[in-house]
Amino acid sequence: MLNMDTIVALATPAGNSGVAVIRISGDNSKSILQKIIHEKIDFEPRKMYLKKVYFAGLEDVCLVVFFPNPHSYTGEDVVEIQSHGGYFIAEKIIDEVLSLGATLADRGEFSKRAFINGKLSLDQAEGIMDLINAESEMQAKAGSSLMQGELKKIITNYQNQLTEILADIEAKLDYPEYEYTENESNDILKCLTNIDKNLSKLILESSTGILIKNGIKVAIVGSPNVGKSSLLNALTKTNKAIVTSVAGTTRDVIEAEYEYKGIIFRLFDTAGIHDSNDIVEKIGIERAKQTLNDADIVLKISDDKNDCNIKTNKPSINVINKSDIITNDLYKNNLNKDTIFVSAKTGENINNLKQLIFDKTINHKIDSNKLYLTNTRHIECVKHAKNYINNAISKFNSTSMDIISSEIKSAWLSLGEITGETNNETIIDMIFSKFCLGK
Ligand SMILES: Nc1nc2c(ncn2[C@@H]2O[C@H](COP(=O)(O)OP(=O)(O)OP(=O)(O)O)[C@@H](O)[C@H]2O)c(=O)[nH]1
Ligand SMILES: [Mg+2]
């Protein structure tokens, strides 16, 4: 059950900052605001007021604003107080608001109320969280289009088409002797097949969406001392990995990331793979092999002394490092489209390597104007809907219309789970519990 108390939370991160935003939502928001500013103002909607806020024997000059329902984020009466930043002041103001009858908001409770009050669909709320958590341009874009209801539009359109078919079938079910004409059957089948085709496309392209959301995993492997760690540092412009001239420096897997053309690339630097009797190094080598298996692309590193003979069925690039000391002959003998010469030391070709990784993983798959499913929950719902539609299509000529109708209804419900129209309370609670506090 949703608690319908007036709730309060800090909407900005805890800690020292220029300003802190405290958000209050619920029926008592306005009266609480009037009490803490010691003035019974009839606030103009959405207008900022500069007011003294009184709390715990202290006062702060704050900007306060009142959003009367339904024109607020949650759809309830909402107050926002911009106090001076700093954990102490914001905490004390929140304590004051609590003492005036509000309760502390749970994670995602503001968004959950927005959902319950019909201000947002579930996928839109998830889009907001994706936008907040975005680390790359494409992640932000995907979050923003979800938030703005792009997916909801598509899903509702398919649901509407299914509703029309259902209405037609249900009407005719009342007349068991009714015989479908060939044209009528063809029309229904055509519509189902078309939805099936579009859902298949969404599922197929979701692999790109998952790469956008999770980033592309790039494993850096090779013999000891070829410059794997140096390369991780050069690609990410950090000093995250320890570099020494001692072979066998890296033991554990080191992770670092960079953004290139709006996409996050997650690098995994590994222990040099070779025959070793050292117990710690052996574990490191095992981990290197595991990393190789989990990667989306593998950089096989070699240098002037060591080739890379590691076998993988993943997309890979042969990176010959230390171009600054490698002779021209070696360059010429190894030229092909999957090979690149770089120098982690001088930075030569490091950007071209980034482009090559981009080309081999996502460049051909990505269209920045397209909507990709990036959320595994949405992908699962689409897969379920597609299965039900497939059942309806395959049984269409061999079974009774009430069975077809029930498959179509199930497809409709699965699609409805994306927007939250047909979810049960437990699932909804689970989704919002992953949100941050104050959102
Ligand atoms: N000249 C030159 N030296 C490099 C380059 N990249 C790395 N080195 C040197 O090669 C040695 C090994 O570098 P690392 O980055 O530690 O090599 P690694 O492959 O991570 O080695 P392990 O962790 O031991 O497997 C260091 O002395 C680096 O300074 C390069 O581009 N040019
Ligand atoms: Mg290393």
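The values are calculated or read from the model by the stated rules, or taken from the named source; none is laboratory data. On a predicted model such as this, the values are computed, not experimentally measured, just so you know. Glycine also receives a Cβ, built like all others from the backbone with ideal geometry; neighbour counts cover every protein chain displayed.
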Matching residues in region 335-382 - criterion: being in contact with a strand residue (DSSP E or B) (Cβ under 7 Å, 6 or more places away or on another chain) and not in a loop (DSSP other than H, G, I, E, B): T339, I340, F341, N352, L353, K354, L356, I357, F358, K360, T361, I362
Members of region 256-273 found to be under 18 Å from C308 (Cα atoms) and either within 11 Å of ligand 2 (Cβ to nearest atom) or modelled with pLDDT under 95 (or both), listed by number: D269, T270, A271, G272, I273
Search result, residues across region 1-10 that are part of a loop (DSSP other than H, G, I, E, B) and surrounded by 20 or more Cβ atoms within 10 Å (Cβ to Cβ): T6
Selection status of D269, within 28 Å of the chain's Cα centre (by Cα), within 30 Å of A142 (Cβ to Cβ) and either surrounded by 21 or more Cβ atoms within 10 Å (Cβ to Cβ) or of a type in the set (G, A, S) (or both): yes
Any hit, region 202-213, residues being of a type outside the set (S, T, N, Q) and assigned to a loop (DSSP other than H, G, I, E, B): no
Condition check for D329: assigned by TED's automatic domain parsing to the domain that holds K237 and not in a loop (DSSP other than H, G, I, E, B): yes
Answer residue from region 230-253, given it is in contact with a Lys or Arg (Cβ under 9 Å, 6 or more places away or on another chain) and within 21 Å of K314 (Cα to Cα) and is nearest to ligand 1 (Cβ to nearest atom) among those: L232
Looking only at region 21-65, and only at residues there that are small (G, A, S) and within 27 Å of I116 (Cβ to Cβ), the one that is surrounded by the fewest Cβ atoms within 10 Å (Cβ to Cβ): S31
Leading residue by the ranking (surrounded by the most Cβ atoms within 10 Å (Cβ to Cβ)) among those in region 100-141 that are of a type in the set (A, V, I, L, M), touching a Gly at 6+ places or on another chain (Cβ under 6 Å) and over 15 Å from S433 (Cα atoms): M138
Of all residues in region 208-239 being without any contact (Cβ under 8 Å) to a residue 60 or more places away in the chain and more than 16 Å from ligand 2 (Cβ to nearest atom), the one that is farthest from G262 (Cα to Cα): K237
Residue in region 26-44 that is in a strand (DSSP E or B) and touching a residue at least 12 places away in the same chain (Cβ under 8 Å) present: no
In region 114-144, residue modelled with the lowest pLDDT [restricted to those that are among the polar types (S, T, N, Q) and under 10 Å from the mean Cα position of the chain (by Cα)]: N133
Qualifying position, being surrounded by 17 or more Cβ atoms within 10 Å (Cβ to Cβ), among the aliphatic types (A, V, I, L, M) and under 26 Å from the mean Cα position of the chain (by Cα), among I301, I317, I340, I357: I357
Restricting region 360-390 to residues that are hydrophobic (A, V, I, L, M, F, W, C) and more than 30 Å from K409 (Cβ to Cβ), the residue that is surrounded by the most Cβ atoms within 10 Å (Cβ to Cβ): I362
Residue among L235, L202 that is crowded, with 21+ Cβ neighbours inside 10 Å and outside the structural domain of D307 (by TED's automatic domain parsing): L202
In region 241-259, residue surrounded by the fewest Cβ atoms within 10 Å (Cβ to Cβ) [restricted to those that are touching a Leu at 6+ places or on another chain (Cβ under 9 Å) and closer than 28 Å to G209 by Cβ]: E255
Test: residue in region 121-140 that is among the hydroxyl-bearing types (S, T, Y) and under 30 Å from F265 (Cβ atoms): yes
Residues that are modelled with pLDDT under 95 and under 25 Å from K434 (Cα atoms), drawn from region 87-99: Y87, A90, E91
Subset of region 222-245 [of a type in the set (S, T, N, Q) and in a helix (DSSP H, G or I)]: S229, S230, N233, T236
Scope region 398-439; condition surrounded by 14 or more Cβ atoms within 10 Å (Cβ to Cβ), assigned to a helix (DSSP H, G or I) and among the acidic types (D, E); matching residues: E407, E417, D429
